[in-house]
């Protein structure tokens with residue numbers, strides 16, 4: 001699993017599709033957050049790397065990965081193929097379960113834009129136990145009928161100026177039966193490029209994951225197998 005280390009972050013490759021990722025973990029990590037990026041983005045996304053760094057400070061391990069191989073990235077049909085992206089996310093989840101360093105950690109998904117739709121489809125899979133989902137500027141509506149099957153507590157974060165996506169998130173929330181919450185960040189557009197807005201996303205996501213992934217004192221941990 002180990003490859004070129006850069007601080008606490010190491011490059012990994014996930015079979016069978018040779019997906020490339022960046023795994024950040026240490027011996028104090030209490031959960032693993034797997035990132036599903038939006039269209040045209042990947043493991044080097046500056047915004048998601050900023051969020052990942054904040055989550056690591058909050059005690060989470062992080063896995064940022066490319067859900068498409070380099071030869072697939074220019075295929076627009078695959079870029080927006082939510083079932084395909086969800087299957088790759090499940091592939092990464094199964095891989096994580098097999099790694100000694102992170103295999104026992106509860107897992108959450110962080111999805112951005114179209115990646116949020118893929119994260120929710122993957123979270124709805126009957127054989128996977130996902131502890132929580134966070135969507136940043138996401139398109140949960142792209143998860144379709146899977147929304148009603150999601151059992152993981154889900155936080156939807158949308159920019160206050162991203163009016164169309166706010167409505168899409170509200171419509172998706174209405175189809176969900178799991179614990180759910182919509183937070184609108186004032187003054188933020190779709191990419192949360194405005195000063196301080198991504199810091200708010202990081203704080204909201206960290207609080208949500210800590211709440212749902214970190215066992216309470218004296219509690220019995222569930223089996224997080226897949």
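Numbers for the structure displayed
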{"item": "Considering residues of the range 127-141 that are modelled with pLDDT under 95 and either out of contact with any helix residue (DSSP H, G or I) (no Cβ under 8 Å at 6 or more places or on another chain) or not in a loop (DSSP other than H, G, I, E, B) (or both) only, the residue farthest from residue 151 (Cα to Cα)", "result": "127"}
{"item": "Meets criteria (modelled with pLDDT of 90 or more and either within 17 Å of residue 135 (Cα to Cα) or surrounded by 22 or more Cβ atoms within 10 Å (Cβ to Cβ) (or both)) for residue 63", "result": "yes"}
{"item": "Hits in the range 167-206 (condition: farther than 28 Å from residue 145 by Cα, out of contact with any strand residue (DSSP E or B) (no Cβ under 7 Å at 6 or more places or on another chain) and surrounded by fewer than 20 Cβ atoms within 10 Å (Cβ to Cβ))", "result": "186, 187, 193, 194, 195, 196, 199, 203"}
{"item": "Residue ID - surrounded by the fewest Cβ atoms within 10 Å (Cβ to Cβ), chosen from residues in the range 43-60 that are in a helix (DSSP H, G or I) and touching a helix residue (DSSP H, G or I) at 6+ places or on another chain (Cβ under 7 Å)", "result": "50"}
{"item": "In the range 20-40, the residues that are closer than 18 Å to residue 80 by Cα, surrounded by fewer than 21 Cβ atoms within 10 Å (Cβ to Cβ) and touching a residue at least 60 places away in the same chain (Cβ under 8 Å)", "result": "39"}
{"item": "Failed condition for residue 123, given (1) surrounded by 24 or more Cβ atoms within 10 Å (Cβ to Cβ); (2) touching a helix residue (DSSP H, G or I) at 6+ places or on another chain (Cβ under 6 Å); (3) more than 17 Å from residue 183 (Cβ to Cβ)", "result": "(2)"}
{"item": "Pair list, Cβ under 9 Å, 6 or more apart: the range 116-128 residue free of Cβ contacts under 8 Å to residues at least 24 places away in the same chain, other residue surrounded by fewer than 24 Cβ atoms within 10 Å (Cβ to Cβ)", "result": "126/149"}
{"item": "Qualifying residue in the range 64-71 (condition: closer than 21 Å to residue 154 by Cα, outside any loop (DSSP other than H, G, I, E, B), touching a residue at least 60 places away in the same chain (Cβ under 8 Å) and within 18 Å of the chain's Cα centre (by Cα))", "result": "no"}
{"item": "Subset tally (residues that are more than 18 Å from residue 198 (Cβ to Cβ) and part of a strand (DSSP E or B)) for the range 109-125", "result": "1"}
{"item": "Count of residues meeting criterion [out of contact with any helix residue (DSSP H, G or I) (no Cβ under 8 Å at 6 or more places or on another chain) and either within 18 Å of residue 128 (Cβ to Cβ) or assigned to a helix (DSSP H, G or I) (or both)] in the range 152-182", "result": "9"}
{"item": "Qualifying residues in the range 19-42 (those that are under 21 Å from residue 119 (Cβ atoms), outside any strand (DSSP E or B) and at pLDDT 85 or above) - the one nearest to the chain's Cα centre (by Cα)", "result": "37"}
{"item": "The one condition in (1) surrounded by 16 or more Cβ atoms within 10 Å (Cβ to Cβ); (2) in contact (Cβ under 8 Å) with a residue 12 or more places away in the chain; (3) more than 12 Å from the chain's Cα centre (by Cα) that residue 81 fails to fulfil", "result": "(2)"}
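The values are calculated or read from the model by the stated rules, or taken from the named source; none is laboratory data. Remember, predicted model here, so these are calculated numbers, not experimental data. All Cβ positions, glycine included, derive from the backbone under ideal geometry; neighbour counts span all protein chains shown.
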